[in-house]
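The values are calculated or read from the model by the stated rules, or taken from the named source; none is laboratory data. Remember, it's a predicted structure, so these values are computed and weren't measured experimentally. Cβ sites come from the backbone with ideal geometry, for glycine too, and all protein chains shown count toward neighbours. All accessible areas refer to the heavy atoms of the entire protein, side chains included, with ligands and DNA or RNA removed. Shrake-Rupley method; radii C 1.70, N 1.55, O 1.52, S 1.80 Å.
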Amino acid sequence: MGTPDDLPGGENERFLEFWNLVFMQFNQEPVNTLTPLPAQNIDTGLGLNRMAILKQGAETVFETDQFAPLVEFGRREANVEPNDRSLRVLADHARAMTFLIGDGVEPSNEGRGYIVRRIMRRAILHGRRLGMDPLFMTRYHKKVVEIMEGAYPELAQQSFTTDMWIRNEERSFGHTLEQGTKLLDELIDRARANGDEGVSSEDAFRLHDTFGFPIDLTLELVTEHGLGVDEAGFESLMEQQRARSATARTGPGAPDELRTRALELVHGAAAAEQVDGRVLIKLAESPFYATGGGQIADSGVIECESGACAARVADVLRLGDDQAVVLEVERGALKAGERVVARVSAQVRHATQCHHTATHLLHAALRERLGDHVRQAGSYVGPDKLRFDFTHGEALSAEDVAWVEDRVNAEILANHRVRALTMPLEEARRLGAMALFGEKYGDVVRVVQIGDGTFSRELCGGTHVRSTAEIGVFKLVGESSSAANVRRIEALTGPEGVALLRREDALLGEAAALLRKRPEEVPSAIGDLQARAKQQKSRPSDDGIDLTALVDGAEVVGQAKILTRELPATDPKTLPDLADRVKGQLGDSAIVLGTANEGRVALVVAVSPSLIERGVKAGQIVKTAAEVVGGGGGGKDTMAQAGGRDPSKLPEALTAAREAIAAALGAS
């Protein structure tokens, strides 16, 4: 096969390159400048799957023993005639998501997590095209584990967590996939009808922003129809969105300027500088904690040693290993070289410490209850509260919330010693210390250990209590969604937690006093009141009048609710109360009720204040009706009554009242 001129590396059929070695020795930057790499290595170009193709005599990787079972699995799962392309996409992406999630990469909208999400959503689309039954991705995951767990036992160990993420992603994306696909089909049809080259950048961005369609998914679907997408325009819109998000996070102008001036200060010779009415200073030695790691800065005061000046600490900026203190001067003036006394607010520091140590306990409790997939995804620690965002795909149940709260309080009551230890990063990892995902750490790190570390041990540079009993109490006050697959818990501890419990106890005491019950009887007493109110609302009146049916008979006239109704023989004394109850059900309305009893007519009109302002007055309406039945009456603008001598004219009287109301409202 081939000719004598065919050489290795050329485009010919005589030689097939299946393995090459690349000796990684230099970095070329700039061009033609070679710098030795700090870690030189050999990159082998022969992967396991390429070797499998050669050894098993397969045409492609999808016929090898690791992929073929997944392709056949997809063929069985499909409820329509499958195409090879979709089967291959599903096989490849099922492997990728299983390994990535098993390795700790959760689906998200950022970084590696977004890669996983894009892979999963593309697979979900192809599975839907093949008519696969819901949650087919979880079944693919189990098949991958079955095939690969012999070589990768960690896949089975992480199976529960992986299944949870896959299940949640398929469900959440499934809700919007149908809408997004329908919109994209409409866009494609419109482009064809108009003779356009493809989908506009605005439409592609809307699919991404509103329906979670990754741009590569839109590109794939549009290309299948011979159309294109304005990718450059899409990227421009994405850049604008990123800029808006950055502005929303940092605020316009001032914070960036303040930080820039602070950097100039700490890297320059000056020690104090004026910025927008505040003073930036650099202390030779600082007792203040600078904002970082989710914890806000300390507050306090700085005073001249001579007593000639004083300033309040407004913020402390973290600038690498250095810091700058932002001050609001209250007396005198601060000058470079001034000897000062810096005092941290002990009350604020202690409240913040309580919340920070409690955050570590909360993190550990959540992992213990929900699983090892729980990781910190953001936090706020201040003297007022703690807020903790964590990776989890669904809302916590009431039982979960109670369990976590009890678990944290149990650790608080145990009065564990809290220690900050400095150690090599590798030693911290060996001990199992939790670290922020994606955070970069130096060779030596600070580890906060609670007790013996079996419950909580985390890399952290923040301030903490000396023992857990100092926290006093942990009260979870909110659990909600922060982002896709991210939950948020807010809680109070220490002085703030005690203050909350006292407020709630006082409110419970007030409720008990009003109900004339003991505090523990308040819930059942409220339940009884609700049941009685519901029964009162739905039951017929004492005269056999169904209040619900009466309310349902109202009509809308001139954007107002109007009810005119003749009632069976009724005690006239009950009409005002009945009209008031009906008005309470209808809201802004005018009510006219009439009844004939023992040869006499009784009328009542009730009008809401908002309709009085529009000219509907109960006294005038009841007089109009009373004249028809040969009687008279009157009252206030809100409620009026009348009587009459001709029961046969009652229907006409109600009609006259309705017409008078309509006329006042400017309707007919």
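Miscellaneous remarks
- Using alpha-carbon coordinates, inclination of helix 111-129 to the longest axis of the chain, degrees: 70
- When the surface is traced with a 1.4 Å probe over the full set of protein chains, W403 keeps roughly 80 Å² accessible.
- Per principal axis, descending, Cα span of the range 106-146 in whole Å: 30, 25, 11
- The candidates M639, M24, M423, arranged from most to least accessible area with a 1.4 Å probe in the full protein assembly, appear as M24, M639, M423.
- The chain - accessible surface per residue (Å², probe 1.4 Å): 54
- An ellipsoid equivalent to the range 261-395, defined through the eigenvalues of its Cα gyration tensor, has semi-axes of 36, 16, 11 Å when rounded to whole angstrom and sorted largest first.
- Cα-only Debye scattering, the range 138-180: base-10 log of I(q)/I(0) at q = 0.30 Å⁻¹: -0.98
- Put simply, the Cα atoms of the range 492-601 extend 72, 33, 18 Å along their principal axes, the longest span coming first.
- Gyration tensor over the Cα atoms of the range 561-668: the corresponding equivalent ellipsoid has semi-axes (square roots of 5 times the eigenvalues, largest first) of 20, 15, 11 Å.
- Kirkwood Rh and Cα Rg combined as Rg over Rh, evaluated for the range 289-342: 1.01
- In Å², nearest 10: area of R446 left accessible to a 1.4 Å probe: 90
- Diffusion coefficient, µm² s⁻¹, Stokes-Einstein with Kirkwood Rh over alpha-carbon pairs of the range 432-559 at 4 °C and 1.567 mPa s: 61
- Nearest-ten-degree value, helix 494-515 long axis tilted from longest Cα axis of the chain: 20
- Lone cysteines, the chain (no partner Cβ under 4.7 Å): C354, C460
- Here is how the number arises for the chain: DSSP H runs of 4 or more residues each give -39500 (n - 2.57), the sum is divided by the residue count, and the result at 222 nm is -14500 deg cm²/dmol.
- Relative contact order [Cα under 8 Å, 6+ residues apart], the range 388-488, whole percent: 42
- Isotropically averaged projected area of the range 448-515, using the convex hull of Cα atoms (one quarter of hull area), nm²: 7.4
- Kirkwood-based shape ratio for the range 92-222, expressed as Rg/Rh from alpha carbons: 1.04
- Candidate aspartates and glutamates for bridging to K573, where Cα separation is under 17 Å - those fewer than 8 sequence places away on the same chain excluded: D542, D543, E598
- Between the range 414-493 and the range 183-231, the alpha-carbon centres lie 46 Å apart.
- If you plug the beta carbon distance of Q179 and A336 into 1/(1 + (r/R0)^6) with R0 = 60 Å, you get a FRET efficiency near 0.45.
- Portion, in percent, of the accessible area of the chain that falls on carbon or sulfur, probe 1.4 Å: 50
- Note on E368: accessible area approximately 90 square angstrom, rounded to 10, probe 1.4 Å, nucleic acids and ligands left out.
- The range 387-488 has equivalent-ellipsoid semi-axes of 26, 20, 11 Å, by the square roots of 5 times the alpha carbon gyration tensor eigenvalues, sorted largest first.
- Computed across the range 39-154, the Kirkwood radius stands at 15.2 Å (inverse of mean 1/r, all Cα pairs).
- Relative intensity of the chain on a log10 scale, I(q)/I(0) at q = 0.05, 0.11 Å⁻¹, equals -0.48, -1.21, per a Debye sum over C-alpha point scatterers of equal strength in the absence of solvent.
- Accessible area per residue (1.4 Å probe, heavy atoms of protein chains only) ranks K55, K561, K440 as K440, K55, K561, with the largest value leading.
- Degrees, to the nearest 10: 650-665 long Cα axis against longest axis of the chain: 50
- Remark on the range 158-230: Rg and Dmax equal 14.6, 51 Å (Cα only).
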